[in-house]
1. Considering only residues that are crowded, with 16+ Cβ neighbours inside 10 Å, closer than 17 Å to L366 by Cβ and out of contact with any Lys or Arg (no Cβ under 7 Å at 6 or more places or on another chain), which ones fall in segment 28-56?
2. For R103, which of the numbered conditions (1) touching a Lys or Arg at 6+ places or on another chain (Cβ under 9 Å); (2) surrounded by fewer than 18 Cβ atoms within 10 Å (Cβ to Cβ); (3) of a type in the set (D, E, K, R) fails to hold?
3. Does at least one position in segment 193-201 carry a residue that is buried (at least 21 other Cβ atoms within 10 Å of the Cβ) and not β-branched (V, I, T)?
4. Looking only at segment 169-192, which residues are assigned to a loop (DSSP other than H, G, I, E, B) and without any contact (Cβ under 8 Å) to a residue 40 or more places away in the chain?
5. Give F225, F267, F287 a once-over and let me know the one that is on the phi < 0 side of the Ramachandran plot and in contact (Cβ under 8 Å) with a residue 60 or more places away in the chain.
6. So is V162 without any contact (Cβ under 8 Å) to a residue 60 or more places away in the chain, of a type outside the set (D, E) and not in a loop (DSSP other than H, G, I, E, B) or not?
7. Search segment 49-61 for residues that are within 15 Å of A375 (Cα to Cα) and pair each with any residue that is assigned to a loop (DSSP other than H, G, I, E, B) and not charged (D, E, K, R) when their beta-carbon atoms are under 7 Å apart and the residues are at least 6 apart or on different chains.
8. What is the number of the single condition among (1) at pLDDT below 95; (2) in contact with a strand residue (DSSP E or B) (Cβ under 7 Å, 6 or more places away or on another chain); (3) under 28 Å from I189 (Cα atoms) that V101 does not meet?
Amino acid sequence: VWGQTATDFNNGDDVAYGMVVQPDGKIVVAGESDTQGIFHKQVALARYNSDGSPDTSFGEQGLAFGGVHNDDAGRDVALASDGKFVVVGIRRGPSWDGLAVYRCHPDGSPDGSFNGLGFNVLPGALGPTYGQAVLVQPDNKVIAVGWTAVPNSAQPNRRQVVVTRFNQDGTVDNSFETDIQVARESFWIRDAAFQPDGKIVVVGGHAGNMILIRYNANGTLDTTFGNDGVVEVQEPGNNIANAVAVLPNGDIIAAGYANGSNFGLLFIGPDGGQCRSCGNLLAGTHFWLKTDFGHDEMINDILLQPNGRILVAGGHRGGDVSTSTLLLARYRFSILRGYQLDTAFGDGGTLVGSVANRDVGRAIALDNEYRIVVAGYGHNG
């Protein structure tokens, strides 16, 4: 079933976090690589031809690097309309780690027209700032999303959402309102998505609950969504959203894990309330869809297929905590019950793959022939 390829950059640990498929079917994967040199971990990109072979026309023999400080990292990648690649992640600094945005040309070389350096960094004022997701507008302005530490005496682990826009030249867009952000103790931000109207939905977790936040296209908090822009759904156990998708009817899906150990998808309505995709029996409620495969499982990314099916990718740990496998699941809609496992996919709605050891799927996409592509990492010693 699986066609697979693994890339070792320089005999160190290499981790893929984000992926994008070009219109010609070539696949670009972004993450971090331990270069085993003076700069240690660096932002790393690899491009593959549609047959899985390295695209040697990209960077150096298919590989490209960004960052010049120790232990930089890429967390997400997007493709701009001009063919350039934008990566968001972390840039280690002398005082605080900063949210970093990198842009490279289609051939993998740094784009010097982006802030004059090929990257820009937002340092944290009170603590580290981490980039987690990147979105590119139709005009090629870049939205970077993450979180920053804003501790105080009462809340030493207090964090704040960061949503920042960069102009095409890499400078910060000061017309984008970022002065009103949401802050919580023990707060995580994982992913973001555009709505068709340009609004931005951000997801993560807070105190064991999935949390969703929405911003207007100008960067202000959308107070029409949920409770003054925030929806926090309480559920027993530990729950967090790692990915988000917006359905054609406006419903929002937050995907991650539920009860600390199951695939979890949370469906909510466009205004943060009534769910339109929950089926007739569940209309008007937030809808939790949980799948227990018998051990610890987590969704890391979500994809909407053109036929309306929902694909998710993550990891599945067996009885031995030292091993895990890459795990996919697909869901389809029922008018009565809402979304349920699509038993026509794989084995009863799921597909398990093994590449090395302790494999994890971090990103999922469709190529130009509608084949499913998953990127992640596996431990091979």
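1. Residue satisfying the conditions is V29 alone.
2. (2)
3. The answer is no; no qualifying residue exists.
4. Residues satisfying the conditions are D173, N174, D179, S186.
5. Result of the check over F225, F267, F287: F267.
6. Criteria not met by V162.
7. Filtered contacts from segment 49-61: S50/G25; G52/G3; G52/T5; P54/Q61; P54/G62.
8. Tallying (1) at pLDDT below 95; (2) in contact with a strand residue (DSSP E or B) (Cβ under 7 Å, 6 or more places away or on another chain); (3) under 28 Å from I189 (Cα atoms), V101 fails exactly one: (1).
The values are calculated or read from the model by the stated rules, or taken from the named source; none is laboratory data. These numbers were taken from a predicted model, which means no experiment stands behind them. So basically every Cβ, Gly included, is an ideal-geometry build from the backbone, and we count neighbours across all protein chains shown. Each accessible area value is taken on the protein alone, full model and side chains, heavy atoms only, with ligands, DNA and RNA left out. Shrake-Rupley method; radii C 1.70, N 1.55, O 1.52, S 1.80 Å.
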